[in-house]
Each structure stands twice: as structure tokens, then as C-alpha cells.
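These notes are about the structure you will find just below.
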Amino acid sequence: MNELLQIKNLHVVYQTDEETVYAVNGVDLNLSEGETLGLVGETGAGKTTLALSILNILPPKVGKITEGSILFEGEELVGANEKLIREIQGNKIAMIFQDPMTSLNPLLTIEDQIGEALLLHRKELSKDEISQRVEEMLKMVGIPPERKKEYPHQFSGGMKQRVVIAISLACEPKLLLADEPTTALDVTIQAQVLHMMNQLKKELKTAMILITHDLGVVAEICEKVGIMYAGEIIEVGSLEDIFKGKDHHPYTKGLFGSIPDLNSDVSRLSPIDGLMPDPSALPEGCKFHPRCPNCWEMCKTTVPEYVDLGNGHKIRCHLFGNQNGGGGI
Ligand code: SF4
């Protein structure tokens, strides 16, 4: 598989007059064409900030990439000119936001909203061709095309999210950033939308970064999983490595220990003690050390390097030593 996205040592901050929030702290990440990565972590881990950075839509003036590189199809997106960014946004890279209720414009028909991206990026298409493409997209996400003249309020929550997905896929992006795409939906609709996204991924061969705090959603749809904590990816590996492997970062173990498992006979869950650190005052050394049951002296002062356990399974923790080399993810 060809490398589509290569992120190296990415640092992102939110700077206000009062404080500096260190949202992403040295993320390395590679994604190949057609591959799906699940990015998992608690609220505030930096998952959404990472996606906003890739799409170059960090809040203006406040959000800043201070260091690092984002290569997409070999082109540098950090500091890229307006022309390249326009060519990429909503066209080669698209994003599905969390809440379908606020992602759609209540004053425009869904035909206008799906057609907008095509009007902007597929200038060669005639009006009729755009209209035809809108119908195809609606069919693809399971909405009868004859409903294209309707407005968002005429659709249920699940249908609205399908419309949002149709908008993001209209230009057949190479990379789709899906930020908690099913969180606002009830479980039945969630299952339908996940099934549909799986189908679309196969049909269009779109690579995807799926941001979620739900490990069940990751198991449904991803081939690769990255666990994020305090702005760092602390473990990454194949779905098999993360869900079935025996070696894990203590935070990953805590995440799995916090969810019920129907196959194991435990009377209580074992949640992770404490809270995510304040991102404006991150701890020295390993950022997980104040909550880690395995913490030792070195963890409090020295930032751990990535350790490669083989097959792309990498962990950032002193427990694993550094005998296998390490290096970025
Ligand atoms: Fe725990 Fe130390 Fe590993 Fe951090 S580096 S996760 S504190 S054992």
C-alpha cells in the first residue's frame, strides 16, 4: 500500500492571553491508501485537534502548529499556500463532524448542500451532472433520491448523519476524517451508519481516520488503532495487536479494564484512577505517570521513546525498555 499521509513530530498549541494549551505533543503517524485508523482516547486527548490540523482548520489566531510536518500525497500541508489548501479541503480530504444537527445548514435543501462541494471542486461538471451525482450519493447512503429537495429538519438524526456522510464523500476524497460520527446517534442507527461506512470504504477505497472513545466502534471498522493520551500517541498497532496482543501501555490496559467484557468473570471493572492532566501544565517525563500504577523514578523525569515490538506495534513506555530501537510511529 502507498503512503498517503505522513505526520512527523507534530506539535499544536492553543494560545490565549491567559495560557498556552499544549494540545498535540510530538505526534508521528503514517496512513496508507485505503487504510482505516481508529484514534482512541479520553476527551481532551488531542484527537480532534490532530484532525483539524490535518485539514488546516484550527481556530484562527488561537490554534497554531508550532513544530512538525504533515505530508499528504508527498506535499507539505504545514504552512502550505492558500491554493493547495483549497484544493485539498473538502475535496481530497474531507471531515465528518460529531453532530449532524449542527453540521447542516437548515436553510438549504440537501441537494444544494451535497452539490456545493461538487460545484466548488468539480468545475467540469454541468448542472445536470451535479444533480445526477447528488442522487447517486443519496442512493449510496441509503436515502431515496426523490427526497433531495427536502430540508434537514425533515430528516431523522440518523438520516441527517447519512446526509453529512454523503456531503463529505461527494468528491470521493482520498482521506476521510470522521470525528465521533456515531456519537449523537442511538445504538440501532449507529450500527446502520457503521455498516454503511464499512461498505463505502470498500467501494471508494477511501483512507479513514476514525476518532472515537468507543472501542466497540473501532473493532467494527478499523484495521489499525492509535491510542492517544495528553496529546501523544502512546500506542499504535494493528487491530489484532491492540485487541488481542499481550503487551500494552498501562493506559491502554486501563482503557480495556474500564469496559465490561462478557467473556471474563470479574465482579468489578478497574477504571483508570485520576484525571487527564491539565494541558496547560503537563507533567514532566511520561505524561501518564501521575495515574500510572507502574510508575517508577525514571518515568517522572524522562519522556519515553517509542519501542517497536514488531509488525508496526509501537509503545511509548519505559516498561518496554528501548532494546528494539524505537523511532516514530
Ligand atoms: Fe507508566 Fe512509566 Fe510507562 Fe509512563 S513510562 S506508562 S509512568 S511505566
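Summary table below
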| item | result |
| --- | --- |
| Surface per residue (accessible, 1.4 Å probe) for the chain, Å² | 49 |
| Signed unit charges on C-beta, dipole axis of the chain, positive-most listed residue V21, N56, M228 | N56 |
| Of K201/K224; K253/K314; K160/K205; K174/K224; K47/K224; K64/K123, pairs whose Cα-Cα distance is over 25 Å | K64/K123 |
| Cα-based helix-to-principal-axis angle, 157-169 vs the chain, degrees rounded to 10 | 90 |
| Unit charges on C-beta of K, R, D, E only; dipole of the chain, Debye | 300 |
| Cα gyration tensor shape for the range 1-109, rounded if a/c is under 1.5, else prolate or oblate | rounded |
| Of all accessible heavy-atom area on the range 86-205, the percent that carbon and sulfur account for (1.4 Å) | 53 |
| Highest average packing first - 75-86, 126-137, Cβ atoms within 10 Å | 126-137, 75-86 |
| Degrees between helix 110-121 axis and first principal axis of the chain (Cα, 0 to 90, nearest 10) | 80 |
| Heavy atoms of T43: accessible area, 1.4 Å probe, square angstrom to 10 | 130 |
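The values are calculated or read from the model by the stated rules, or taken from the named source; none is laboratory data. Fair warning: this is a prediction, and the values are worked out from it, not measured in the lab. Counting neighbours? That spans all protein chains shown, and the Cβs are built from the backbone with ideal geometry, glycine included. For the accessible areas, the whole protein counts, side chains as well, though only heavy atoms, and no ligand, DNA or RNA atoms are used. Shrake-Rupley method; radii C 1.70, N 1.55, O 1.52, S 1.80 Å.
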